[in-house]
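Everything below concerns the one structure shown next.
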Amino acid sequence: MRACLSLLALAGCVHAASVAQPPAIASSTYDVAVAQASADRMVTTVYSLELVPDGRNVWTVRTLHTAGTWEEARDTLTFDSDHPDPAAPWPLLLHHAVASVPAAIQFSPDGSPVGMLEEKGWRMAGMDALTGLDLPPEALKAGEQLLDPAGLVRDLQRTFPGTPPVGMWSRQEPIAGLPAQRVERCTRQRSGGEVTWHCDGHVEAKTERARLYDTVSESVIVVDARGLKSLEGTYSGTLLLADARGDTVIDRPIAGRRLVERR
């Protein structure tokens, strides 16, 4: 034991953490890249999350930077929070303003966000951030809907889904705008100072007018001695949409990829 402690920097003595959570000792930054495609629309977003541990499985989370591209038909819209453009679409400006407000997030023991602490203070700070954008009143009203603690937690759960079990893993995750259930079978492998979970399965989602068909998914989660190191999640399949009468069904190919990497 003493030899291992004295040689902690050596790969043979560095053990991977057992939980896929952010580092609990020092602050960390995760870069997140998300790409979503549906029919003739392609949306890509890249943002950076800062997480500062506060003990008791609590981290203060805020977005440092957001950039994105929205491509549909012949139109392309871009956004970069480092170079804000008043002409950028309101939703992009509003979303980054809210996401940049620090939020105290409670995580479960398995590493997944479960709730927000001090919701009232977060909402007040978020409102200040929105009014600071100097947008028209109708934009500010739309921005108020983003001050949703539960919605923020659900979004963070896609980046920090927690520690997979060995075997079946079922979790909720919005896919193609639908509340969906991601069901995958996971295996666990250890190599040196890292543990990797490989998970394969499918996504289930059905509403009155829409459902997913033949949609497959994959997740790869890597944990090292500090905690969650990376996540890659993908899905691809078909979205079936019915018109108001239910007489016509439109099928749209969909695909998405989320890549999370700790700096």
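Looking only at the range 37-68, residues that are in contact (Cβ under 8 Å) with a residue 60 or more places away in the chain, assigned to a strand (DSSP E or B) and out of contact with any Ser or Thr (no Cβ under 8 Å at 6 or more places or on another chain) come to 3 in all. Does residue 170 qualify as being under 21 Å from residue 109 (Cβ atoms), without any contact (Cβ under 8 Å) to a residue 40 or more places away in the chain and of a type in the set (Ser, Thr, Tyr)? Considered against the rule, which asks whether it is under 21 Å from residue 109 (Cβ atoms), without any contact (Cβ under 8 Å) to a residue 40 or more places away in the chain and of a type in the set (Ser, Thr, Tyr), residue 170 comes out as yes. Just one of the numbered conditions (1) among the small types (Gly, Ala, Ser); (2) without any contact (Cβ under 8 Å) to a residue 40 or more places away in the chain; (3) touching a Leu at 6+ places or on another chain (Cβ under 9 Å); (4) farther than 22 Å from residue 106 by Cβ is not true of residue 176: (2). Answer with yes or no whether residue 142 is of a type in the set (Gly, Ala, Ser) and under 30 Å from residue 247 (Cβ atoms). Judged against the criteria, residue 142 is not a match. Contact annotation: residue pairs with Cβ atoms under 6 Å, 6 or more positions apart or on different chains, pairing a residue in the range 77-94 that is farther than 15 Å from residue 136 by Cα and at pLDDT 75 or above with a partner that is not β-branched (Val, Ile, Thr) and not in a loop (DSSP other than H, G, I, E, B), are 77/70; 79/68; 79/92; 80/67; 81/65; 81/96. The single condition from (1) over 27 Å from residue 151 (Cβ atoms); (2) out of contact with any His (no Cβ under 7 Å at 6 or more places or on another chain) that residue 187 fails is (2).
The set of residues in the range 55-76 being surrounded by fewer than 15 Cβ atoms within 10 Å (Cβ to Cβ), over 30 Å from residue 108 (Cβ atoms) and not hydroxyl-bearing (Ser, Thr, Tyr) consists of 72, 73, 74, 75. Screening 85, 155 for residues that are surrounded by fewer than 15 Cβ atoms within 10 Å (Cβ to Cβ) and under 20 Å from the mean Cα position of the chain (by Cα) leaves exactly one candidate, 155. The range 103-196 holds helices (runs of 4 or more DSSP H) entirely within its bounds, and those carrying 1 or more residues that are of a type outside the set (Val, Ile, Thr), modelled with pLDDT of 95 or more and over 27 Å from residue 262 (Cα atoms) map to 119-131. Residues that are more than 19 Å from residue 126 (Cβ to Cβ) and among the aliphatic types (A, V, I, L, M) were ranked within the range 59-76; the one that is modelled with the highest pLDDT is 67.
Tell me which residues, restricted to the range 80-99, are farther than 30 Å from residue 164 by Cβ and either among the hydroxyl-bearing types (Ser, Thr, Tyr) or in contact with a Lys or Arg (Cβ under 8 Å, 6 or more places away or on another chain) (or both). Result: 81, single match. In summary, residue 147 fulfils each of the numbered conditions (1) of a type in the set (A, V, I, L, M, F, W, C); (2) surrounded by fewer than 18 Cβ atoms within 10 Å (Cβ to Cβ); (3) farther than 22 Å from residue 19 by Cα with the single exception of condition (2). The lone criterion from (1) over 22 Å from residue 20 (Cα atoms); (2) assigned to a strand (DSSP E or B) left unmet by residue 208 is number (2). Contact map, the range 200-223: residues that are closer than 30 Å to residue 247 by Cα paired with residues that are hydroxyl-bearing (Ser, Thr, Tyr) and loosely packed, with under 15 Cβ neighbours inside 10 Å, Cβ distance under 8 Å, separation 6+ or inter-chain. Pairs shown: 212/238; 213/238; 214/238; 215/238. The set of residues in the range 194-253 being loosely packed, with under 14 Cβ neighbours inside 10 Å, among the acidic types (Asp, Glu) and under 14 Å from residue 181 (Cα atoms) consists of 200, 214.
The values are calculated or read from the model by the stated rules, or taken from the named source; none is laboratory data. This is a predicted model, so every value here is computed, not measured. Note that each Cβ is placed from the backbone with ideal geometry, even for glycine, and that neighbours are counted across all protein chains shown.
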